[in-house]
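Novice: This is the structure I have questions about; it appears just below.
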Amino acid sequence: MYNKKICIVGAGAVGKSSLIKRFLGGDFDQAETATVGAKINKKVLEIEGDKLQLMLWDIEGQSQLSPESMNYFKGASAMVYVVDGTRLHTLGAAIGLRLEIETHLGYSLPSIILFNKSDLAERWEISHNMIIDVEIGGNLSILTSCKEGSGVNMAFGLLGRVLLGKTTLVAA
Ligand SMILES: Nc1nc2c(ncn2[C@@H]2O[C@H](COP(=O)(O)OP(=O)(O)OP(=O)(O)O)[C@@H](O)[C@H]2O)c(=O)[nH]1
Ligand SMILES: [Mg+2]
């Protein structure tokens with residue numbers, strides 16, 4: 001069995017814990033409580049006959065990371081950056097976090113950006129063009145909704161395939 005660590009990061013209340021809960025088969029909770037520190041969950045995926053155990057590190061939402069929290073990313077094989085489509089500043093926060101983390105590590109990791117809360121389309125502050133710009137910048141993005149459950153399995157399944165070398169991440 002393969003074993004890979006994935007860190008889920010982004011500003012506060014973008015839906016990191018809700019995404020993981022959904023991926024683990026749990027229900028959406030409108031009153032999800034804020035994460036303190038880091039919480040680790042595991043899930044085994046079966047991809048084309050291979051078993052892959054994902055260690056999912058759900059990291060407390062911060063727009064700026066403390067030097068201590070950089071330790072969370074040691075040994076990570078991939079990153080998931082989460083943006084809340086209803087709050088524009090969470091996009092800048094995600095891009096800033098990627099820069100900060102990769103500068104600290106000294107290398108880049110396979111990464112995807114999840115634009116979460118797609119069920120609240122009427123309240124979105126992020127436009128289609130902004131998402132295209134993010135993709136042109138080299139970040140593969142996927143729209144998700146923890147409330148409706150859409151995009152979540154696809155996103156983690158895609159990362160799983162990347163981690164097993166079965167596909168590469170190429171932004172559209
Ligand atoms: N409508 C809607 N609400 C969502 C969605 N995802 C998460 N939420 C809500 O957004 C709030 C924050 O969700 P969390 O999963 O706690 O967010 P988080 O990123 O883990 O937050 P921190 O742990 O504080 O960093 C909660 O009220 C969730 O119910 C979504 O896709 N749609
Ligand atoms: Mg959380």
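Novice: In the stretch 18-35, how many are of a type in the set (S, T, N, Q), within 11 Å of ligand 2 (Cβ to nearest atom) and surrounded by fewer than 24 Cβ atoms within 10 Å (Cβ to Cβ)? Walk me through it before giving the result.
Specialist: First, the residues of the stretch 18-35 that are of a type in the set (S, T, N, Q): 18, 30, 33, 35.
The next check asks that each one be within 11 Å of ligand 2 (Cβ to nearest atom); those that pass are 18, 33, 35.
Now drop any that are not surrounded by fewer than 24 Cβ atoms within 10 Å (Cβ to Cβ), which leaves 33, 35.
Result for the stretch 18-35: 2.
Novice: For the stretch 62-101, which positions are of a type in the set (Asp, Glu) and under 15 Å from the mean Cα position of the chain (by Cα)? Steps first, answer last, please.
Specialist: Restricting attention to the stretch 62-101, the residues satisfying the condition of being of a type in the set (Asp, Glu) are 68, 84, 100.
Within the stretch 62-101, ASP84 is the sole residue that qualifies.
Novice: For ALA38, state whether it is touching a helix residue (DSSP H, G or I) at 6+ places or on another chain (Cβ under 6 Å), among the aliphatic types (A, V, I, L, M) and surrounded by 18 or more Cβ atoms within 10 Å (Cβ to Cβ).
Specialist: Details: touching a helix residue (DSSP H, G or I) at 6+ places or on another chain (Cβ under 6 Å): yes; among the aliphatic types (A, V, I, L, M): yes; surrounded by 18 or more Cβ atoms within 10 Å (Cβ to Cβ): no.
Considered against the rule, which asks whether it is touching a helix residue (DSSP H, G or I) at 6+ places or on another chain (Cβ under 6 Å), among the aliphatic types (A, V, I, L, M) and surrounded by 18 or more Cβ atoms within 10 Å (Cβ to Cβ), ALA38 comes out as no.
Novice: Looking at LYS117 and the list (1) in contact with a Lys or Arg (Cβ under 9 Å, 6 or more places away or on another chain); (2) surrounded by fewer than 19 Cβ atoms within 10 Å (Cβ to Cβ), which single condition is not satisfied?
Specialist: (2)
Novice: Would you confirm whether any residue within the stretch 61-71 is in contact (Cβ under 8 Å) with a residue 60 or more places away in the chain, more than 28 Å from TYR2 (Cα to Cα) and either among the polar types (S, T, N, Q) or out of contact with any Pro (no Cβ under 8 Å at 6 or more places or on another chain) (or both)?
Specialist: We begin by selecting, within the stretch 61-71, every residue in contact (Cβ under 8 Å) with a residue 60 or more places away in the chain; these are none.
No: the stretch 61-71 contains no residue that is in contact (Cβ under 8 Å) with a residue 60 or more places away in the chain, more than 28 Å from TYR2 (Cα to Cα) and either among the polar types (S, T, N, Q) or out of contact with any Pro (no Cβ under 8 Å at 6 or more places or on another chain) (or both).
Novice: Search the stretch 12-25 for residues being in a loop (DSSP other than H, G, I, E, B) and more than 7 Å from ligand 1 (Cβ to nearest atom), and hand back the single one that is farthest from PRO110 (Cα to Cα).
Specialist: Within the stretch 12-25, the subset in a loop (DSSP other than H, G, I, E, B) is 12-15, 24-25.
When the remaining residues are screened for being more than 7 Å from ligand 1 (Cβ to nearest atom), the result is 24-25.
Numbers: LEU24: 21, GLY25: 24 Å.
Restricting to residues being in a loop (DSSP other than H, G, I, E, B) and more than 7 Å from ligand 1 (Cβ to nearest atom), the top hit is GLY25.
FYI, it's all coordinate maths here, none of it is from the lab. Quick caveat: nothing in here was measured; it's all calculated off a predicted structure. Neighbour counts run over all protein chains shown; Cβ positions are idealised from the backbone, glycine included.
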